[in-house]
Amino acid sequence: MTAFVDTARNKLVQSAKKVLNRNWSGSFTKPAQHLYPHQWSWDAAFIAIGYIHYDQDKAEQELRHLFSGQWSNGMVPHIVFNNRESSDTYFPGPDFWETDRIPQAPDAPLTSGICQPPIHATAVHHILKFAQDFEQAKEFASEMFTQLQQWHRYLYRERDPMNEGLVYIRHPWESGQDNSPVWDQVLEQIRLNDVDIPHYKRKDTAWVGSDERPTDADYDRYIYLVDFFKKRNYEEKTIRQENCPFMVHDVLFNTLLCRANRDLAAIAETIGHDPEPFKKRAEQTTRAINNKLWNKVYGIYSDFDMLSRQLIPAKVISGFLPMVADIPEDDKAKRIFDYLNTRCFCRVDDTCFAAPSYDRSEADYSSSKYWRGPVWLNMNWLLCDGLQKYGFTRYAEKINESILRLPATSGFHEYYDPDSGEGYGSDGFSWSASLFLDVHYRMLNE
Ligand code: 2M8
């Protein structure tokens, strides 16, 4: 059935497509014009998820381009640099990463030397599900299948040395939630003298106010960590053995890996391969997340700091997200929902738009500061999917409506005030446009 769409919505659909067109580089879609002029890993997946509803070739191209930057060890880098454009508007660019001297990195395109949440098999599965041309999508999924397997194998081989079923991240950027309160404690432990920090100049604050971005102290640590990896030639074992000061079992990263394993199993079934190995991996990671990352005091999942060997007590939206991979048992899901549905986040009957990224009752909550409070559409898109799986339908509907209403209120911003809907960060932000389109088209064809 096709639902009726009013003129205002139609206009917004056109604007969303314009955002993606404007951000199109000729071979991939930038997250935003100036602030993010290259290709980012999980952005590419969220962008493909929107494209598939009206431009299948672009959806496929987005992921193909990202995987052209895959390292020979299987790692999918968090940035694939735009070679045709100078990286003048972004720091750190390829000259700082120096991955061109690393044998496992491709000669072209140039890339960063860390990764981001593995949501790519989920995007390929989405393409299979919503493709206009299913045969073409099957061919594409077959083409991606080996690369996706290599990506997952890299994670379990290099980032899970004890074979626990949990992979670690070693930089806040790897989580995708750069200045989340989750990292505060861990970053504080990294005590730096001036001589430890390479000379650098931030470029992000030329485009977005510094009150909406990470602090300079955060940046010093981000850059110190990159330098730490670079000095060790990005060799995982050396990075580990030489006391990497940031090693975390992140809830969202592992949840998305678990979900990606389930989606890879579904892809395998569709293209005639054995799904069992991926199902087994998903079960192993499910068990590990439940055993190690469930925080029974808060009633959500929490990250685990591998250095202090403790759960990190930060009440953030990613703690709800294991629902997206069918991880919590029903009693845990009920506790998660009961917390989400309070004023600390957003009650289903209140006028707040959607779930903020951080508990509003915390003293350092901010409705405008990046990953420390504002609403992010990608996190809410994931949350909505998880809530639907567990039958929390009314809340899921509220989120879908907000994904449509927030851009109508203030355009396709990077993040939004949970109450007023005011947009912050970059405007013309690609995944806000693509996830809006995904929700729009799915509702239209329901
Ligand atoms: C933000 O992260 C980059 C570093 O990777 C940055 O601030 O320079 C994050 O929001 C991240 O999740 C996102 O993928 C990236 C591009 O949109 O920007």
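What are the residues in the stretch 292-347 that are of a type in the set (Phe, Trp, Tyr) and either under 18 Å from the mean Cα position of the chain (by Cα) or modelled with pLDDT under 95 (or both), if any?
TYR301, PHE320
Determine which single condition TYR370 fails, assuming it passes every other condition in (1) touching a Phe, Trp or Tyr at 6+ places or on another chain (Cβ under 8 Å); (2) at negative phi; (3) not acidic (Asp, Glu).
(2)
Among (1) surrounded by fewer than 20 Cβ atoms within 10 Å (Cβ to Cβ); (2) more than 23 Å from LEU404 (Cα to Cα), where does SER302 come up short?
(1)
I want to confirm something. Restricting to the stretch 98-152 and keeping residues that are within 16 Å of the ligand (Cβ to nearest atom) and part of a helix (DSSP H, G or I), which single residue is surrounded by the fewest Cβ atoms within 10 Å (Cβ to Cβ)?
THR99
Being crowded, with 22+ Cβ neighbours inside 10 Å, touching a residue at least 24 places away in the same chain (Cβ under 8 Å) and among the hydrophobic types (A, V, I, L, M, F, W, C): is that true of LEU377 here?
Yes; evaluated as a whole, the condition is true for this residue.
For the stretch 41-57, which residues satisfy the criterion of being near the ligand (Cβ under 10 Å from one of its atoms) and among the polar types (S, T, N, Q)?
Listed by number, the list holds a single entry, SER41.
A quick yes/no check of all residues on (1) touching a residue at least 24 places away in the same chain (Cβ under 8 Å); (2) aromatic (Phe, Trp, Tyr):
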position	(1), (2)
GLN388	no, no
THR393	no, no
GLU397	no, no
LEU406	yes, no
SER410	no, no
PRO418	yes, no
GLY421	yes, no
TYR424	yes, yes
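Which condition from (1) of a type in the set (S, T, N, Q); (2) more than 27 Å from ASN254 (Cβ to Cβ); (3) crowded, with 19+ Cβ neighbours inside 10 Å; (4) touching a residue at least 60 places away in the same chain (Cβ under 8 Å) is the one that THR89 breaks?
Failing condition for THR89: (3).
The values are calculated or read from the model by the stated rules, or taken from the named source; none is laboratory data. Since this is a predicted model, take the numbers as computed values, not measurements. Quick reminder, even Gly has a Cβ in these numbers, built from the backbone with ideal geometry, and neighbours come from all protein chains shown.
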